[in-house]
1. If you go through region 171-181, how many residues are in contact with a Ser or Thr (Cβ under 8 Å, 6 or more places away or on another chain) and either of a type in the set (A, V, I, L, M, F, W, C) or closer than 15 Å to L278 by Cα (or both)?
2. May I ask you to list the residues in region 175-192 that are in contact (Cβ under 8 Å) with a residue 60 or more places away in the chain and small (G, A, S)?
3. Residue pairs, Cβ under 7 Å, 6 or more apart or interchain, first in region 249-271 and on the phi > 0 side of the Ramachandran plot, second part of a loop (DSSP other than H, G, I, E, B) and surrounded by fewer than 23 Cβ atoms within 10 Å (Cβ to Cβ). List them.
4. For region 152-163, enumerate the residues that are part of a loop (DSSP other than H, G, I, E, B) and either within 14 Å of the chain's Cα centre (by Cα) or among the small types (G, A, S) (or both).
5. Of the conditions (1) in contact with a Gly (Cβ under 6 Å, 6 or more places away or on another chain); (2) among the aliphatic types (A, V, I, L, M); (3) at pLDDT below 95, A135 satisfies every one except a single condition; which number is it?
6. With the requirement that a residue be closer than 17 Å to G162 by Cβ, in contact with a helix residue (DSSP H, G or I) (Cβ under 8 Å, 6 or more places away or on another chain) and surrounded by fewer than 22 Cβ atoms within 10 Å (Cβ to Cβ), what does region 246-256 give you?
7. Count, please, the residues in region 127-142 that happen to be surrounded by 21 or more Cβ atoms within 10 Å (Cβ to Cβ), over 12 Å from the mean Cα position of the chain (by Cα) and in a helix (DSSP H, G or I).
8. Checking the condition in a helix (DSSP H, G or I) and surrounded by fewer than 24 Cβ atoms within 10 Å (Cβ to Cβ), which residue from K190, K231 passes?
Amino acid sequence: MDVEGRRESDNVEDRRGQGGMGGGGGRGIGGLGGGRLGIGGIVLALVASYFLGINPMTVLGILGGGGGPAPQVSQGPAQRPPKDDQMASFVSKVLADTEDVWGALFAQSNAKYPAPKLVLFRGATPTACGTGQSAMGPFYCPGDQKVYIDLAFYETMKNKLGAPGDFAQAYVIAHEVGHHIQHVMGISGKVDAMRGRISEKEQNALSVRLELQADCFAGIWSRGSKLKLDKGDIEEALNAAAQIGDDTLQKKSQGYAQPETFTHGSSKQRMAWFTTGLQSGNLKACDTFSAKAL
């Protein structure tokens, strides 16, 4: 994909020079490894938390009935990334493109799109959802309406997850922005309200539908994007979706899949719903919660 000449978003905050925080503020890798999500073992939990989920702290609240008030976050003045930082510039341009696409779609309904912030960090950083850590992978925090990412994650995608490519990297941002859309539309709030009222299996199923819808929203962005796509770009996104399907991750970790424990959807489902958004460009087509079959 070619981002040359595209505008950069004004909604990028660079915390990479502020240093990492100690752990303890939130439930990330340790909470996932505790087995409350039923994913199937600590190794899979570590791998699964790397890619494209809701903030694991939020997922743990939805699926485990936890929660509580979000902590207050105190930060100094927001810093912009250095002008010569190519990767920061890349994600800033991708974010700007999501702003343009979703801004136009919201305008069709006479609404103004409340664009999220994107925070670059290293190691750990405070969020309204608790302490965000690099090991969680990229995540969205509804408490402050910010997407968080440690750019080192892109090396993890390429070298550990088998998902290389710049459009795969853009898909990461688009998926997290998809969670922001869900928050703005009140979808994730309704899912969160189900905490503790239904069984773990039913909670997992709701999480799958939430994640697949975010994939579908990423597909809508791909369709409307003004970035210049190269041959094979869409295939990069589809490959990324396939590499992080619950069945693929479980088979890599433990040799077999346990569909009742899925929280993000199978590889086939993630590819299918991204494709649905890409082909339709329609929010209604992304209603995973009404779909009889995923």
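1. Of all residues in region 171-181, those in contact with a Ser or Thr (Cβ under 8 Å, 6 or more places away or on another chain) come to 171, 173-174, 177, 179.
Checking which are either of a type in the set (A, V, I, L, M, F, W, C) or closer than 15 Å to L278 by Cα (or both) leaves us with 171, 173-174, 177.
Count: 4.
2. The answer is S188, and nothing else.
3. Final answer for the pair search is G265/G245; G265/L294.
4. In the first step, residues of region 152-163 are kept if they are part of a loop (DSSP other than H, G, I, E, B); the result is 152, 160-163.
Scanning region 152-163 gives A152, G162, A163.
5. (1)
6. Here is the first cut: in region 246-256, the residues closer than 17 Å to G162 by Cβ are 246-253.
Going one step further and asking which of them are in contact with a helix residue (DSSP H, G or I) (Cβ under 8 Å, 6 or more places away or on another chain), we end up with 246-250, 252-253.
Across region 246-256, the qualifying residues are D247, T248, K252, S253.
7. 1
8. On the way: K231 fails: in a helix (DSSP H, G or I).
Exactly one residue qualifies, and that residue is K190.
The values are calculated or read from the model by the stated rules, or taken from the named source; none is laboratory data. Small disclaimer: the values here were computed from a predicted structure and weren't measured. Positions of Cβ are generated from backbone atoms using ideal geometry, with glycine treated the same way; all protein chains shown enter the neighbour counts.
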